[in-house]
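S.K.: Before we start, here is the structure in question, set down as structure tokens.
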Amino acid sequence: MPQTIIAGIGHYVPSNVVTNNDLLQYMETSDEWIQERTGIKERRYAHRTDETTTTMGAEAATIAIERAGITKEDIDFIVFATISPDYYFPGCGVLLQRALKMKEIGALDIRNQCSGFVYALSVADQFIKTGMYKNILLVCSEKHSFGLDFSTRGRNISVIFGDGAAAVVLQPTEEKDRGILSTHLHSDGESAEILAMYNPGTHANHWLKDAADFDEAPVGEMFMSHNMIDKAQNFPNMDGPAVFKKAVVKFPEVIMEALDKNGFKPADLNLLIPHQANLRIAQFVQQKLQLKDDQVFNNIERMGNTTAASIPIALSEAWELGKIKKGDLVCMAAFGSGFTWGSALMKW
Ligand code: UT7
């Protein structure tokens, strides 16, 4: 059976740099608080109208395709992971297919929040291993800045998110000891509401206690009502400390799961790329696994948390900086809303 390699990688982030101090115009916060609690100094925000999740994804995809040494005509399947799609439906996969004027190939959308890249990679890996596809374009992109609560009410979540995109081209190889060695996916829906965006949706308060009142809502306002907007339920909600506590347990666990499965130890890792949720979480994981500084790559200081795009943006940056070479043992791990979490271990 062939193994899956990353044949090309690229990323695109908007040129608009938003510092912590820039956020003071919207909410009560401080550069000191944000840096101390998250490590974030700045993030990028997409142009309000000229850039979308899909257009940023298309920019990244174009670079990845070129670096793979192929053309868009060679791509035989698209996988797109995002939680900030252009439309509620259809997903960004078809919009990317249109934007890049690609053939009428399949386009799959993945909704696994911060674990989006790891889940998408795992799905694409199965298609490559079975021989179904030879050149899969996997794109992750987020335009969070369009849908955040910029008032003080939403500051715990709005300060951490940033916009950006990354893409990889996945191909089969018959070379021994190269490519994706294994992927490990997990979920625990018990905590679904701890980090979630409730509306628009069809839940009708089935799962929520303190929510906008659907019994009173006119039929035409069930999906999105003035009441929901008044209660800020059209924005993401997060119990940050609860997510943090679970993340610091599950990150090391799922990284060790991947290493154990393949007979490696943390010391064998050339590079760990953790999902960029909070620098403090990444530092905790590094310490727990006793990894040296040069074994972990973080860019959250400059990018913030770009959810599905965070791992591939970091991977692309690390590759551009020459921190990943052929044959290196690279682990990618994510934890986030759902909860969903996972890891992928590969020989570059
Ligand atoms: O990628 C998706 C997965 N997400 C994560 O992994 C996030 C995990 N959680 C975290 O990273 C942290 O919980 C946060 C960075 C989100 C928050 O840090 P925290 O140390 O857990 O703060 P907290 O939510 O417990 O809030 C502590 C205080 C509160 O004030 P009081 O009640 O103590 O007076 C908040 O109102 O900090 C306040 N606060 C802020 N102050 C200034 C919350 N957000 C801000 C802010 N600026 N942006």
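The values are calculated or read from the model by the stated rules, or taken from the named source; none is laboratory data. Every value quoted in this text rests on a predicted model; they were computed, and no experiment measured them. Positions of Cβ are backbone-derived with ideal geometry, glycine not excepted, and every protein chain shown enters the neighbour counts. What goes into the accessible areas is simple: the full protein's heavy atoms, side chains included, and nothing from ligands, DNA or RNA. Shrake-Rupley method; radii C 1.70, N 1.55, O 1.52, S 1.80 Å.
S.K.: About its Cα centre, how strong a charge dipole does the chain have in debye, to the nearest 20, once Lys and Arg get +1 and Asp and Glu get -1 at the Cβ?
M.R.: So the dipole magnitude of the chain works out to roughly 900 debye.
S.K.: Based on the Cβ-Cβ distance from Gln287 to Thr71, what FRET efficiency comes out when R0 is 56 Å, to the nearest 0.05?
M.R.: 0.80
S.K.: Provide the per residue accessible area, probe 1.4 Å, for the stretch 184-291, rounded to a whole number of square angstrom.
M.R.: On a per-residue basis, the stretch 184-291 sits at 56 Å².
S.K.: Is there a quick way to get the dipole size of the stretch 3-173? I mean about its Cα centre, with the Cβ of Lys and Arg at +1 and of Asp and Glu at -1; what is the value in debye to the nearest 20? The partial results should precede the final answer.
M.R.: Values: 16 positive and 20 negative charges, 64 e Å.
It comes to approximately 300 debye.
S.K.: Sorting Glu28, Glu175 by accessible area (1.4 Å probe), largest first, what list results?
M.R.: Values: Glu28 130, Glu175 80 Å².
Heavy-atom accessible area, descending, gives Glu28, Glu175.
S.K.: Taking the Cα of Ser187, stepping 7 Å toward and past its beta carbon, and measuring to each backbone N in the stretch 102-128: which are under 18 Å?
M.R.: Residues passing the 18 Å test: 108-126.
S.K.: Let me ask you something else. What nm value, rounded to one decimal, do you get for the distance between Glu28 and Arg178 when each label is placed 7 Å out toward the C-beta?
M.R.: Label-label distance for Glu28 and Arg178, simple model: 5.8 nm.
S.K.: Which of Lys209/Lys231; Lys72/Lys323; Lys176/Lys250; Lys176/Lys261 have a Cα-Cα distance over 22 Å? All intermediate terms of the calculation are to be shown ahead of the outcome.
M.R.: Working: Lys209/Lys231 13 Å; Lys72/Lys323 27 Å; Lys176/Lys250 31 Å; Lys176/Lys261 17 Å.
The answer is Lys72/Lys323; Lys176/Lys250.
S.K.: Let me make sure I get this right: for the stretch 249-331, a, b and c are the square roots of the gyration tensor eigenvalues over alpha carbons, sorted descending. Under 1.5 in a/c it's rounded, otherwise prolate if a/b > b/c, else oblate. Which is it?
M.R.: oblate
S.K.: Next question, about the same structure. Among bridges DSSP assigns within the chain, what percent are antiparallel (round to 5)? If you can, show how the numbers build up before the last one.
M.R.: Numbers: 37 of 53 bridges.
About 70 percent, rounded to the nearest 5.
S.K.: In vacuum, with every alpha carbon of the chain counted as one equal point scatterer, what does the Debye formula give for log10 I(q)/I(0) at q = 0.07, 0.12, 0.13 Å⁻¹? Two decimals, please.
M.R.: Summing over Cα pairs of the chain leads to -0.28, -0.83, -0.98.
S.K.: Which order, highest average first, do 187-195, 117-125 follow once you tally other Cβ atoms within 10 Å for each residue and take the mean per peptide?
M.R.: Descending mean neighbour count gives 117-125, 187-195.
S.K.: Working with all protein chains in place, sort Lys347, Lys288 by solvent-accessible area computed with a 1.4 Å probe, largest first.
M.R.: Heavy-atom accessible area, descending, gives Lys288, Lys347.
S.K.: What nm distance separates the two modelled labels at Lys265 and Thr152, each placed 7 Å from Cα along Cα→Cβ?
M.R.: 5.2
S.K.: Turning to a different aspect of this structure: Residue by residue, what Karplus-based ³J(HN,Hα) values in Hz, rounded to whole numbers, does the stretch 105-121 have, using 6.51, -1.76 and 1.60 with θ = phi - 60° and x for Gly and Pro?
M.R.: 8, x, 9, 10, 9, 10, 10, 10, 6, 5, 8, x, 5, 5, 4, 5, 4
S.K.: Using a probe radius of 1.4 Å on heavy atoms only, what accessible surface per residue do you get for the stretch 3-173? Whole Å² is fine.
M.R.: Accessible area per residue, the stretch 3-173: 42 Å².
S.K.: Further question: Placing unit charges on C-beta atoms (Lys and Arg positive, Asp and Glu negative, everything else neutral), compute the dipole magnitude of the stretch 110-193 about its Cα centre in debye, rounded to 20.
M.R.: 200
S.K.: While we're on this one: Report, to the nearest whole %, how much of the accessible area of the chain belongs to carbon and sulfur atoms, 1.4 Å probe, protein only.
M.R.: Details: 7950 of 15660 Å².
Exposed carbon and sulfur together represent 51 percent of the surface.
S.K.: Which residue, Gly164, Ala344, Asn270, has the largest displacement toward the positive end of the dipole of the chain when charges sit on each Cβ (Lys, Arg +1; Asp, Glu -1)?
M.R.: So the residue we want is Asn270.
S.K.: Quick one: which residues, 5+ away or cross-chain, put their amide H under 5 Å from the amide H of Ser182? H built at 1.01 Å from N.
M.R.: For Ser182, whose amide H was placed from the backbone, the distant partners under 5 Å are Leu345.
S.K.: Among the aspartates and glutamates, which fall within straight-line cross-link reach of Lys129, defined as a Cα-Cα distance under 17 Å, with same-chain neighbours fewer than 8 residues apart omitted?
M.R.: Counting by Cα, and skipping residues close in sequence, Lys129 has these aspartates and glutamates nearby: Asp76, Glu174, Glu175, Asp177.
S.K.: Which distance in Å, rounded to a whole number, links the C-alpha centroids of the stretch 38-57 and the stretch 58-129?
M.R.: Result: 18 Å between the Cα centres.
S.K.: Rank-order 178-186, 39-47 by packing density, defined as the average count of other C-beta atoms within 10 Å over each peptide's residues, highest first.
M.R.: Ranked from most to least packed, the peptides come out as 39-47, 178-186.
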